[in-house]
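Only one structure is covered here, and it is reproduced in the block below.
Every number here is computed from the coordinates shown, using simple stated rules; none is lab data. These numbers come from a predicted model, not from an experiment. Ideal geometry is used to build each Cβ from the backbone, glycine not excepted, and the neighbour counts take in all protein chains shown.
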């Protein structure tokens, strides 16, 4: 059986997954929509990175999707990841697909629609954050069981309006509470003096009705 893994999405998760799989002996290919990022990854890892839209059959064909044992969709959009996995299965006969899920509520839908496995980075981050909280302090799981509260994850771009600003300078919705910032491998607990940086992953407890307003505050009106 082929040991080829095709990754759609060259962000941090995709890059480090590719590097890890290569160390384990897998042949790895990648699709990345940003041309500069595609070239950077190809140069760093020495793999073929197709610059294109992974939801297009021609792009999947160019990336040899029909030869893949696994297709792993890691974009920042649930609908894109679902489309890539379904197209890989239906159009190229890929037996095993894995999709990143941004909104944990979508995991059950992905599985019902035939996606073999899901990666919820929000759930992983929640577990990571819980481990560093005091044993007698706040636990996140009971909070989520209340129904109208969720953990929102927002990755800041370099041009995000909050980059370079302290938390005290940012106006957030009333029903949101920032609980952690993941900066590389470090977990930061934001205070008023915490200054945001590009590529920070910001986690907040928010009422579902305020989630869109939170994203707008952190990413700008265009997001």
(request) Mind checking the full-extension length gain between residue 95 and residue 43? Use 0.36 nm per residue of separation minus the Cα-Cα distance, one decimal, nm. (result) 15.8 nm
(message) Could you compute how fast segment 4-119 diffuses translationally, taking Rh as the Kirkwood radius over C-alpha pairs and applying Stokes-Einstein at 20 °C with viscosity 1.002 mPa s? Give it in µm² per second.
(response) 156 µm²/s
(request) Within 10 Å of each residue's Cβ, count the other Cβ atoms and sort 176, 85 from fewest upward. (result) 176, 85
(request) With Rg/Rh (Cα atoms, Kirkwood Rh) defined as stated, name the option among (1) 0.93; (2) 0.99; (3) 0.97 computed from the structure displayed. (result) (2)
(request) Post the alpha-carbon centroid distance, segment 193-223 to segment 21-60, in whole angstrom. (result) 29 Å
(request) Could you list 177, 219 in order of exposure, starting from the residue whose Cβ has the fewest other Cβ atoms within 10 Å? (result) 177, 219
(request) Starting from the Cα of residue 105, step 7 Å along the direction of its Cβ; do the same at residue 183; then give the gap between the two resulting points in nm. (result) 3.2 nm
(message) Antiparallel versus total DSSP beta bridges in the chain: what percent is that, nearest 5?
(response) 45 percent
(message) If I stretch the segment between residue 166 and residue 195 completely, what's the gain in nm (0.36 nm per residue apart, minus their alpha carbon distance), one decimal?
(response) 10.0 nm
(message) Could you list 189, 110, 92 so that the one with the fewest beta carbons within 10 Å of its beta carbon is first and the one with the most is last?
(response) 189, 92, 110
